[in-house]
Each structure stands twice: as structure tokens, then as C-alpha cells.
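Here the structure comes first, spelled out in C-alpha cells, and everything after it is commentary.
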Amino acid sequence: MLRAHMCVSALCRLSDTFVLQWVSICRNIACLQSAVGPVRWKTSCSPAPFLTATPTRALIDEPITLEGHYLPPHSPITVRACMHNEDGDLWEALSHYNTDGRGVVNMTTDVSVGGSYVGCEPMGLFWALQPAPGEREGLRLRKKNVETPYSVQLSLLEGHIPVLPSEGSNKEQWQRGEPELASVTVERWYMAPGVRRVEIRQNGVVGTLFLPPGPGPFPAMVDLWGMGGGLIEYRSALFASRGFASLSLAYIGHKDLPGPLNTINVGDAYFQAAFQFLQDHPQVCGDRLGVIGLSFGAYLALRIATQIGVNPRCVIGVNGPIGSINKLSDSDGKTESFEGDQKHWSYDEQGYVSFKEVSTPNNIPPENKAKVENLCCPLLYIVGEDDLSCAAIENADEIEKKLKGAGRSHLFTCLSYLGAGHLIEPPYTPNARNSMWTTRPKKLITLWGGHLAPHAAAQEDAWKRTLEFMERHLRG
Ligand SMILES: *[C@@H]1O[C@H](CO)[C@@H](O)[C@H](O)[C@H]1NC(C)=O
């Protein structure tokens, strides 16, 4: 036997074409050989399992089909997703499946029996990503550079590998030494090919405009985020990938705005200028503008739609208040301090802060509330019922009451999701139940609320309905 093996391996080395012809014989012999003597080359009789992802490059809101093939039948298998965010922190999700009689796992139809989530959740490995054991506390997954994708590595591992809690484990304890059976890498994009990203610093406006491919003109959105500030681009990039121009607009916490960073120093004139900019843009349909805001941005969206003389065609608010405890700047952009807020901050047993009381309608002076009774366009208001950062349910009720009083209930659509938190974002991205709010003057973690699976379901449904709403009122 040993002689036969040496003889064939010598033949294999003769020429490349010969190797191709003889490779299967070599392998068969190698296989027999392994029982009786040393194998001289790395080989195996059966092909390795493989994992497929379809598509491997996709927008973040597109579902992916994952299938594992050529696995042992009726066997426990772990599917692992891992990726690094832009700051180098590792995120991970694991799910436990059992292969069928053909040795196949199909994440579109099969049920996860354990790990980061259970049940049939085709996109569970994406929305269940959490910081890996030993990573920094208070992380929240947010894309900063939308011109690059998230690169997620998916792999198949043997057996059911337990999930360690991200907190309370260190990196040394956590060593995934399990052999990887198969892997595939997928790219998750916010910006579709051909979408253009244009930085805007014009007439005081600080924003980023995303334009869909092609000449246009396109309907457009003004996109506002919360008091965390800065210029958040990923939702606008995705809107443009879905055929809407979208202007991410900074209003607090950006170096190019009038200072200081931690107060709002722009007023109505600023938002008017942003609308004017879109109206004048040759690739935008000037009379088909909408506005969306999350958290404090939802209040601004309501205010913009009712009080500053721009007439958007539709408004979308996500978990935001009807008004602000602090009086907003006047039209010239007068600085207002937000320190008065703090008497309404509350803390849980871990010392994490909640801003819920800050946004409770009863705590907001009537004169600081948006005049929603003057609303003239459809409003979609999205509520996470487990929102720990904004009294979203109470605000939805208040908005509805005001519209009803003005005979305008027909303009109001409310979507309310059980178990969803404050940060209802584009789908298939993981919820952060809490995250670092600030490190200065001292470390402060804030509560957002929401439980992984119901929050993910809410994001998926809310995003679909958001796009439908925009389609109907901006393009229809
Ligand atoms: C996985 O499930 C999808 C959806 O039912 C189906 O189209 C596909 O053929 C399945 N793949 C395999 C290998 O069974």
C-alpha cells in the first residue's frame, strides 16, 4: 500500500494536466493510506461543507438568504456572524440550528433552537449582533462612513456553542477555538451604486445631500436626528438608495454650526434655509418635500411642518416629543441652554439616565409645543412602546387629541410597536437597549429601551411603512 501511494504521488507531480487527471485517484489512495500510514499531502475524501449567502452584496434593508450544505445530517450546528465596527470593536451573534436529513440548514425556513435568538428569523444573525465578550461598554452600532459597507463574516461551527454575555466576560475567557467548517462574507451597504453624496455648507446650512442615481428631479426628505447631535447620514443614504433625495441636516453638536456645541444655536431661519436649498436644487422636485425626525428631531419636524412657513407634503416622527421643555431659539438663532432639563432626568438602579420625563407632555410648557393643530399634511408617527428615552405613547396621544380637536384626525397615522425601544432605525441592525451618552464631565450611559427580537420586527415593519408613506405622499 505504501508503495502504491508513493508511486501515484510521484505521477501526480509529473505535470499539471496529469495532476488534474489523477487528482481523484490521489485522493482515494490518500484516504485509504491514512488508515495504514502517513499522508504526505493535505487532503480529504469528502468536500467541506459550504455556506452560501444570497446576495453577498446588498443594501442594509435587503434580506439575505443563508444556506449551509454538505453538513452531517441531523446534527447540531452553530452559525456565527461577526464584524468589526469602524472603531474596531467586535460584534457577534450565534445561533443554534439542527441540520436536516440532507445535511442542510436553511436560515430562511429553519428554526434557531438557541443562541442569540430563537425561532425562524431569516435575518436574526444581523439584528442580534452584540458586542463580543470583553468589548467596551455602552456601544451602539452606527455607521459613520456610508461610502463603505459593513463587512459581516458568517461561519458554520460544529455543535451548539453557548453565547457568553458581552458584559462580565473578558477576552481571554472568550476564545472561539472551535474549528470553522465553512464561511462566507457579506457586504451590507447604505449607499446603492450610483448614489451621490454631497456635503452642503451653504447659506449657513450644514448637511449632507444624498441623490439617487440619474438626472432626477426627485422628491426629497429633510432628515433630522436627536440631541446626540452631529451629522448622521445613514438613513438619508438609504433613502437615496430607494429613490428619494435626502438632506441629513445638522442642528446641534457640529463644529460648522454656530457654537457652543451642546446647545441649539440655530432657529427657524436655519430650517427655512434648508428647505429653500432643496426647493432651488435642480435635481429635486421643489414641491415634493417631506421631513422626518427621530427623538428631538420629531419635535423639530412637527414644528417645521406647522410654524415656519415651509409646507412639506408629509411628516414622519419617530419616538419624539410634541415640544421642548426649553424654549427653542428664535428665528435669528439665539442660544438656549438645556441645563434646565436635568431636574427631569431620572436614573435606574445601575445609574443609567432616562430622559423620558423631559419629554412628557405634562412637563412641557404649552407655549413650547408644536402647533400640530395647524398641521396641513399627513403625519406618520411611530411609537416604540418600550421607549425609555421619550414618553412616546403619551406624545402620540397628545398629538392625536390636538388633531382631533382641530378636525384633522384624518391626517394622522400612528404605528405602535410592543417591545420596541427609542431607536427605531432602518431594519436588520441591532438595537442598543442602552449606550454611552457622554464621557464628560463624567461617564453617563443612557437608556433607550427595546428588546432585540420585537425591536427588530418593529424596525422591519416601520421601515416598510415609512417608504410606502413617502411613496404615496411624495411621488404618488
Ligand atoms: C431554503 O428556503 C427557501 C425558502 O423556502 C427555498 O426557496 C430554498 O430552496 C431553500 N433551500 C434549500 C437548500 O432547501
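The values are calculated or read from the model by the stated rules, or taken from the named source; none is laboratory data. This structure is a prediction, so every number in the text was calculated from the model and none was measured. Cβ: placed from backbone, ideal geometry, glycine included. Neighbour counts: every protein chain shown.
With respect to the conditions (1) touching an Asp or Glu at 6+ places or on another chain (Cβ under 8 Å); (2) buried (at least 23 other Cβ atoms within 10 Å of the Cβ); (3) not polar (S, T, N, Q), residue 320 lacks only one, and its number is (1).
Mind checking which residues of segment 85-107 are more than 15 Å from residue 154 (Cα to Cα) and either in contact with a helix residue (DSSP H, G or I) (Cβ under 8 Å, 6 or more places away or on another chain) or within 16 Å of the ligand (Cβ to nearest atom) (or both)? Answer for segment 85-107, where residues must be more than 15 Å from residue 154 (Cα to Cα) and either in contact with a helix residue (DSSP H, G or I) (Cβ under 8 Å, 6 or more places away or on another chain) or within 16 Å of the ligand (Cβ to nearest atom) (or both): 98, 99, 100, 101, 102, 103, 104.
Within segment 50-62, the set of residues being closer than 19 Å to residue 237 by Cβ and within 16 Å of the ligand (Cβ to nearest atom) comprises 55, 62. Regarding residue 35, is this residue away from the ligand (no atom under 16 Å from the Cβ) and at pLDDT 95 or above? Criteria not met by residue 35. Exactly one residue out of 80, 102, 142 is of a type outside the set (Ser, Thr, Tyr), farther than 21 Å from residue 180 by Cα and out of contact with any Gly (no Cβ under 7 Å at 6 or more places or on another chain), and it is 142.
Against the definition (crowded, with 16+ Cβ neighbours inside 10 Å, part of a strand (DSSP E or B) and in the same structural domain as residue 158 (by TED's automatic domain parsing)), how does residue 182 come out, yes or no? Show your work before the answer.
Details: crowded, with 16+ Cβ neighbours inside 10 Å: yes; part of a strand (DSSP E or B): yes; in the same structural domain as residue 158 (by TED's automatic domain parsing): yes.
Yes; evaluated as a whole, the condition is true for this residue.
For segment 342-376, a tally of residues being in a loop (DSSP other than H, G, I, E, B) and over 29 Å from residue 404 (Cβ atoms) returns 6. For segment 387-412: of the residues being touching a strand residue (DSSP E or B) at 6+ places or on another chain (Cβ under 8 Å) and not in a helix (DSSP H, G or I), which is farthest from residue 293 (Cα to Cα)? Among residues in segment 387-412 that are touching a strand residue (DSSP E or B) at 6+ places or on another chain (Cβ under 8 Å) and not in a helix (DSSP H, G or I), the one farthest from residue 293 (Cα to Cα) is 388.
Select, from 282, 260, 321, the only residue that is in a loop (DSSP other than H, G, I, E, B), in contact with a Cys (Cβ under 7 Å, 6 or more places away or on another chain) and either closer than 24 Å to residue 202 by Cα or modelled with pLDDT of 90 or more (or both). Step through it out loud before you land on a result.
Values: 282 fails: in contact with a Cys (Cβ under 7 Å, 6 or more places away or on another chain); 260 fails: in contact with a Cys (Cβ under 7 Å, 6 or more places away or on another chain).
Sole residue among the options that is in a loop (DSSP other than H, G, I, E, B), in contact with a Cys (Cβ under 7 Å, 6 or more places away or on another chain) and either closer than 24 Å to residue 202 by Cα or modelled with pLDDT of 90 or more (or both): 321.
Residue 219 fulfils the conditions (1) under 19 Å from the mean Cα position of the chain (by Cα); (2) farther than 30 Å from residue 444 by Cβ except for a single criterion, (1). For the residues 139, 71, the requirement of being away from the ligand (no atom under 16 Å from the Cβ), part of a loop (DSSP other than H, G, I, E, B) and in contact (Cβ under 8 Å) with a residue 60 or more places away in the chain singles out 139.
If I filter segment 113-167 down to residues being of a type in the set (Val, Ile, Thr) and in contact with a strand residue (DSSP E or B) (Cβ under 6 Å, 6 or more places away or on another chain), which single residue comes out as nearest to residue 84 (Cα to Cα)? Talk me through it step by step, then tell me what you get.
Initial filter on segment 113-167 (of a type in the set (Val, Ile, Thr)): 113, 118, 146, 148, 152, 161, 163.
Those still in the list that are in contact with a strand residue (DSSP E or B) (Cβ under 6 Å, 6 or more places away or on another chain) too: 113, 118, 152, 161, 163.
Working: 113: 26, 118: 24, 152: 8, 161: 21, 163: 18 Å.
Restricting to residues being of a type in the set (Val, Ile, Thr) and in contact with a strand residue (DSSP E or B) (Cβ under 6 Å, 6 or more places away or on another chain), the top hit is 152.
Checking each residue of segment 125-136 against the condition of being within 13 Å of the ligand (Cβ to nearest atom), of a type outside the set (D, E, K, R) and not assigned by TED's automatic domain parsing to the domain that holds residue 430 gives no match. Looking only at segment 108-122, which residues are touching a residue at least 40 places away in the same chain (Cβ under 8 Å) and surrounded by 19 or more Cβ atoms within 10 Å (Cβ to Cβ)? Scanning segment 108-122 gives 115, 116, 117, 121.
When segment 108-124 is limited to residues that are closer than 17 Å to residue 153 by Cα and part of a loop (DSSP other than H, G, I, E, B), the one that is nearest to the ligand (Cβ to nearest atom) turns out to be 122. The C-beta contact set for segment 274-301 (first residue closer than 15 Å to residue 224 by Cα, second residue among the polar types (S, T, N, Q), distance under 8 angstrom, 6+ apart or interchain) comprises 289/279; 292/466; 294/319; 295/319; 295/389; 296/324; 298/319; 299/324.
Of all residues in segment 64-84, count the ones that are over 13 Å from residue 156 (Cα atoms) and crowded, with 16+ Cβ neighbours inside 10 Å. Steps first, please.
Let us first name the residues in segment 64-84 that are over 13 Å from residue 156 (Cα atoms), namely 64-65, 73-74, 83-84.
Okay, now just the ones that are also crowded, with 16+ Cβ neighbours inside 10 Å, so 64, 83.
Of the residues in segment 64-84, 2 are over 13 Å from residue 156 (Cα atoms) and crowded, with 16+ Cβ neighbours inside 10 Å.
Determine, yes or no, whether residue 418 is in the same structural domain as residue 226 (by TED's automatic domain parsing) and at pLDDT 95 or above.
On the way: in the same structural domain as residue 226 (by TED's automatic domain parsing): yes; at pLDDT 95 or above: yes.
Answer is yes for this residue.
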